[in-house]
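As structure tokens, the structure follows; a few thoughts come after it.
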Amino acid sequence: MASAIVYTEFGSPDVLHLMEVPDPVAVRGEAVVRIEAAGANPIDAKLRSGKRPSPPITEPRGVGFDGAGVVEVLGEGVDGLEVGDRVAIRDTVGTYASALAVEADKLVKLPDAVTAAEGAAIGIPAGTAYQALRSLGVTAGDVLLVHGGSGSVGQAAVQFAVAGGATVIATASPARHEQLRELGAIPVAYGDGLLDRVRAAAPSPVTVALDCAGTDEAIETSLALVPDRDRIATIVRGPDAADFGIRAFSGGSPVPLTEQELAWRAEALEKTVELLAAGDFTIELGPELPLAEAARAHELMESGAASGKIILVP
């Protein structure tokens, strides 16, 4: 038997519990992966709590979308993978588990230089950041404002944009400013007077903005600075983004991602693994907890008490 974190009702982190489940079986096009690390993301907690709309629960529901581990079984028709390969997993429900059957096209090989924890921390944050920047058309010469630059998506967006030649201004608490400087951003503190601080920090006018914070302050500052609202996006304020005339790439947006945007999210995992292996990308890892303490991981996420990506280990 395998083990997995599941919930049978929406609610607080306490609804999460560890249970034994049948060993996964790889059908055609799939591989069974022995999970070594699972990345905890805010979307996991939003779905568990019922804050993000989802179908009624009719059977124990798995948790998590990102993970990393070792291929143990290959289904028919799988090319490019071998038993024993280390892999990262993206966009697959149920990664809070000891083993999982995964579609082969949602796996990317991990080189020895990339740890399982790093591989498990990539999928949603890097995919969201990479797709958002591509959708916004961020290129060399742009001045990008990232609200919430010290979060996992914000840090990825900073690094992708800087690598592409853009100037990046990122908001964060003062305690996180040195970290953002190391990633190549110009840090500014959020709070009263943000608009004036961004204008003072920007070497030229801000041309594009990405909101990873979800505050009114972030939206209002972006609207005041960026003339073209099509170059302002949020990954948090999905339901009311249209009220501001800006774009939304997640956060319960009623507008689904396009096929191209979904392809960019998939492309991001492989690109980020390559950058990590080359030493050209940094992931801030947070607490590492046993799989059985998934409820504690969600408590830490929802309270903001932990910095860096929380990793669960079976």
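Observations on the model:
- Measuring between their Cα centroids, the stretch 215-267 and the stretch 77-118 lie 30 Å from each other.
- The chymotrypsin sites (Phe, Trp or Tyr not before Pro) of the stretch 210-292 include none that DSSP puts in a loop with a beta carbon having at most 12 other beta carbons within 10 Å.
- log₁₀ of I(q)/I(0) at q = 0.08, 0.12, 0.14 Å⁻¹ - the chain, Debye sum with one point per alpha carbon: -0.35, -0.79, -1.06
- Per-selection Kirkwood Rh - the stretch 99-209 (Cα, Å, 1 d.p.): 15.1 Å
- Probe 1.4 Å, all protein chains present, accessible-area order of Lys109, Lys309, Lys46, largest first: Lys109, Lys46, Lys309
- Cα Rg, Dmax, the stretch 260-314, angstrom units: 14.3, 37
- For Tyr7, solvent-accessible area (1.4 Å; no DNA, RNA or ligand), Å²: 10 Å²
- For the stretch 78-163, the list of GluC sites (Glu not before Pro) that fall in a loop by DSSP and count at most 15 other C-beta atoms within 10 angstrom reads Glu82.
- Remark: the Asp196-Arg181 segment gains 3.4 nm on full extension, using 0.36 nm per residue and subtracting the alpha carbon distance.
- Principal-axis tilt of helix 152-163 within the chain, Cα atoms, nearest 10 degrees: 60 degrees
- DSSP beta bridges fully contained in the chain are about 60 percent antiparallel.
- Normalised by 2.2 N^0.38 Å, with N the number of residues, the alpha-carbon radius of gyration of the stretch 214-302 equals 1.41.
- Working note: Cα gyration tensor of the stretch 184-261, eigenvalues times five, square-rooted, sorted largest first, giving semi-axes of 23, 13, 11 Å.
- Largest-first ordering by accessible area, 1.4 Å probe, given options Arg134, Arg199: Arg199, Arg134
- The chain, helix-only ellipticity at 222 nm - DSSP H runs n ≥ 4, -39,500 (n - 2.57), divided by all residues, nearest 500: -9000 deg cm²/dmol
- Over the stretch 219-295, Cα pairs under 8 Å with separation of 6+ residues give a relative contact order of 16 percent.
- The listed residues Met301, Met1 rank as Met1, Met301 when sorted by accessible area, largest first, using a 1.4 Å probe.
- Once the Kirkwood radius over Cα pairs is known for the stretch 1-128, the Stokes-Einstein relation at 20 °C and 1.002 mPa s delivers a diffusion coefficient of 145 µm²/s.
- Portion, in percent, of the accessible area of the chain that falls on carbon or sulfur, probe 1.4 Å: 52 percent
- Exposure of Asp85 as accessible area (Å², to 10), given a probe of 1.4 Å and all protein chains: 30 Å²
- Note on the stretch 12-51: Rg/Rh from C-alpha atoms, Kirkwood Rh, equals 1.06.
- Normalised per residue, the volume of the convex hull around the Cα set of the stretch 125-187 (Å³): 61 Å³
- For Arg229, the accessible surface of its heavy atoms amounts to roughly 110 Å² (probe 1.4 Å, protein chains only, rounded to the nearest 10).
- For the chain, the longest principal axis of the alpha carbon atoms and the long axis of helix 294-303 meet at an angle near 10°.
- Translational diffusion of the stretch 157-314, µm² s⁻¹ [Kirkwood Rh, Cα pairs; Stokes-Einstein; 10 °C; 1.306 mPa s]: 90 µm²/s
- Probe 1.4 Å, accessible area per residue of the stretch 248-305, Å²: 53 Å²
- Cβ-derived FRET efficiency at R0 30 Å, Asp240 paired with Glu270, nearest 0.05: 0.35
The values are calculated or read from the model by the stated rules, or taken from the named source; none is laboratory data. Values in this document were obtained by computation on a predicted structure and should not be read as measured data. Glycine gets a Cβ as well: all are built from the backbone with ideal geometry, and neighbour counts include every protein chain shown. Ligands, DNA and RNA are excluded from the accessible area calculation, which covers all protein heavy atoms including side chains. Shrake-Rupley method; radii C 1.70, N 1.55, O 1.52, S 1.80 Å.
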